[in-house]
Amino acid sequence: MKRWIAGILIAVMCLGTGCGNKTEQEAPPTEVVKTAEEIKQEAIQEKMDTMTLEEKIGQLFMVDFRNNEDGSGMTVLSQSAAEKIKQYHVGGVILFAENLDTLEQTQKLTKDMQNAAETPLFIGVDEEGGLVSRLNKSNIPHETIPSAGEMTEPAQAEAAGKSIGETLAKIGVNVDFAPVADVNTNPDNPVIGMRAYSNEPNQAGEMVCAFLIGLQGTGVSGTVKHFPGHGDTAADSHKGEVFVSHDLERLKEVEFVPFAKAIASGVDFVMVGHIKTPNVTSDNLPATLSSQAVGFLRKDLGYNGVAITDAMNMQAISDYYGVGESAVMAISAGIDIVLMPADLGEAYEALLNGVQDGRIQEAQVEESLKRILSLKYDKGLL
């Protein structure tokens, strides 16, 4: 009897002290594994938390440094350009033929630009092939690419995108302002023509997507342009106002189609053009400055990537809207990046003042900044 009672006591003591089996309290803690997306978002937020308002505003600009003060092409980063990159915390630079000479020279130029920046830069170029080619005016080895309108098969467009992307990546360019996603429905169009793939929207869309597969597969971001569609215009927005008179039903059936296909395929940038659409918007503004027009891109087409203006020094903007005012209007409309303001200092101060006086909500700047930094993270720049 005494042995039986002693056995009971020993068993109770073992249960109380954890003999033989570990209690739940002693089980090893479960390791929390973060997803790649969680890691990305934390990195972006950490970056944003360290940035001043001035630095955030600077990321909303992509600027050009085509020439030195003596008028010669800037093939070596000038002190003035380096200082502006730092002073205005610019988010990106666009290169032109004046900046490109040899492979080695361009590699050094883009490297020096990146070294001058606090936050890594988007460095872009207009390289469509054919009629619009900066490489063709340089001594950089590259394949000669035909105009989009000369191609008939998606495989041709994909090969062209791959070839262009490989060359651009080699010289330190990470954004190509191509392909043209306009539908060439107006034979009298003075600015698009053979730059577009087709006068049929679905075929144009297939070719655009093929080019993007080739280009973005090299790590270089593509940019479809010029939303909401420059294909059926009778004028050139470089030289003045441009109108597209179609209603929304027609735009959705024709002009929007290549853009929608490109967005579905994961295009990194959409360039919004200085195009007025009086029969679908009531504000009488170019799409770059119109919240209604940008709304078609964001809501109807579901685009949540980086939206960039066409060059803001074009006469469709410069002849009618002030440098600072147009920058404020573009960001207020939902654009993320202002490309090539006629005066960087004036445009920068206007955006900064616009946030400080409440005309631009800081939350809107944060939203654009998140899109920009998200793409820079995806491209390995952050």
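The values are calculated or read from the model by the stated rules, or taken from the named source; none is laboratory data. Small disclaimer: the values here were computed from a predicted structure and weren't measured. Cβ coordinates were reconstructed from backbone atoms using ideal geometry, including for glycine residues, and neighbour counts include every protein chain displayed.
Computed quantities for the displayed model
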item	result
Tabulated pairs, segment 177-195, first free of Cβ contacts under 8 Å to residues at least 12 places away in the same chain, second surrounded by fewer than 24 Cβ atoms within 10 Å (Cβ to Cβ) and outside any loop (DSSP other than H, G, I, E, B), C-beta under 9 angstrom, 6+ apart or interchain	Pro187/Gly193
Elements of type helices (runs of 4 or more DSSP H) in segment 185-274, at least 2 residues being over 16 Å from the mean Cα position of the chain (by Cα) and surrounded by 19 or more Cβ atoms within 10 Å (Cβ to Cβ)	201-216, 256-264
Some residue of segment 73-84 being basic (Lys, Arg) and closer than 26 Å to Val132 by Cα	no
Qualifying position, being of a type outside the set (Phe, Trp, Tyr), surrounded by 15 or more Cβ atoms within 10 Å (Cβ to Cβ) and modelled with pLDDT of 95 or more, among Leu77, Leu53	Leu77
Residues located in segment 297-327, provided they are surrounded by fewer than 23 Cβ atoms within 10 Å (Cβ to Cβ), more than 17 Å from the chain's Cα centre (by Cα) and not polar (S, T, N, Q)	Lys299, Asp300, Asp319, Tyr320, Tyr321, Gly322, Val323, Gly324, Glu325
Search result, residues across segment 275-290 that are touching a strand residue (DSSP E or B) at 6+ places or on another chain (Cβ under 9 Å), assigned to a loop (DSSP other than H, G, I, E, B) and among the hydroxyl-bearing types (Ser, Thr, Tyr)	Thr277, Ser290
Met62 vs. criteria at pLDDT 95 or above and not in a loop (DSSP other than H, G, I, E, B)	yes
Positions within segment 135-166 being touching a strand residue (DSSP E or B) at 6+ places or on another chain (Cβ under 8 Å) and buried (at least 21 other Cβ atoms within 10 Å of the Cβ), in sequence order	Leu135, Ile145, Ala148, Ala160, Ile164, Gly165
Flag for Glu200 being of a type in the set (D, E, K, R), touching a residue at least 40 places away in the same chain (Cβ under 8 Å) and either in contact with an Asp or Glu (Cβ under 8 Å, 6 or more places away or on another chain) or farther than 21 Å from Ala311 by Cα (or both)	no
Scan of segment 299-351 for residues that are in contact (Cβ under 8 Å) with a residue 60 or more places away in the chain, under 27 Å from Val191 (Cα atoms) and among the hydroxyl-bearing types (Ser, Thr, Tyr), ordered by number	Tyr320
One residue from Lys225, Lys239, Lys261, Lys276 being within 24 Å of Ile337 (Cα to Cα) and modelled with pLDDT under 95	Lys239
Residue match in segment 171-182 (condition: assigned to a helix (DSSP H, G or I) and charged (D, E, K, R))	no
Matching residues, segment 180-215, being over 22 Å from Phe269 (Cβ atoms) and hydroxyl-bearing (Ser, Thr, Tyr)	Thr185
Segment 340-370 - residue that is acidic (Asp, Glu) and not in a helix (DSSP H, G or I) and, of those, surrounded by the most Cβ atoms within 10 Å (Cβ to Cβ)	Asp343
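Matching residues to (1) modelled with pLDDT of 95 or more; (2) of a type in the set (S, T, N, Q); (3) buried (at least 18 other Cβ atoms within 10 Å of the Cβ):
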site	(1), (2), (3)
Gln25	no, yes, no
Val32	no, no, no
Ile57	yes, no, yes
Ile85	yes, no, yes
Glu98	yes, no, yes
Gln107	yes, yes, no
